[in-house]
Amino acid sequence: VSDKPKVYIGGSAAQSSLLQSIDTAIGITHLHADSGPFLDEMQKYMPPPHRKFIKYLETQPSLKNYVEQGVSSELKDALNRCVSKLESFRKKHMQIVVHYILDQANDDDEVIGTGGTEFVNFLTRTKSETSGSLIP
């Protein structure tokens, strides 16, 4: 018990253990100031075993690292398809968020996403970081 109230942000897809696990396993990194720190903060909202699993994945070689060793072109193509599908998911997510948050706001409203972010910058950055993980 504390006299100081706790403050929590609203629900955000960034709190999804699944998406952060997929990013980590594939080797998609979010290092930009618009994305990385927020995603790290969102792990505090995940169940402790999920956070532990993501931290474990971070200590392991990623799929991208393995595929970049030139194991097979079929494996590279398959991983790139996965990354492309994840990018498509993020693009669709951004469209939905824009429709239900940005388009509904008044012109003079400061528009902040449910997770407390300037969501357009955040979502644009994570989509860009995803597509930047394609293997040439």
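The values are calculated or read from the model by the stated rules, or taken from the named source; none is laboratory data. What you see is a predicted model, and the numbers here were worked out from it, not measured in a lab. Heads up, the Cβs are rebuilt from the backbone with ideal geometry, glycines too, and the neighbour counts pull from every protein chain shown.
In table form, for the structure just shown:
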quantity	calculated
Segment 30-63, subset small (G, A, S) and not in a helix (DSSP H, G or I), residue surrounded by the fewest Cβ atoms within 10 Å (Cβ to Cβ)	A33
Test: residue in segment 113-124 that is polar (S, T, N, Q), at pLDDT 90 or above, out of contact with any helix residue (DSSP H, G or I) (no Cβ under 8 Å at 6 or more places or on another chain) and surrounded by 13 or more Cβ atoms within 10 Å (Cβ to Cβ)	no
Residue tally, condition modelled with pLDDT under 85 and touching a helix residue (DSSP H, G or I) at 6+ places or on another chain (Cβ under 7 Å), over segment 3-32	2
Filtered residues of segment 69-85 (kept if at pLDDT 95 or above and in contact with a Lys or Arg (Cβ under 9 Å, 6 or more places away or on another chain))	L79, V83
Unmet criterion (only one of (1) on the phi > 0 side of the Ramachandran plot; (2) over 18 Å from the mean Cα position of the chain (by Cα)) for Y8	(1)
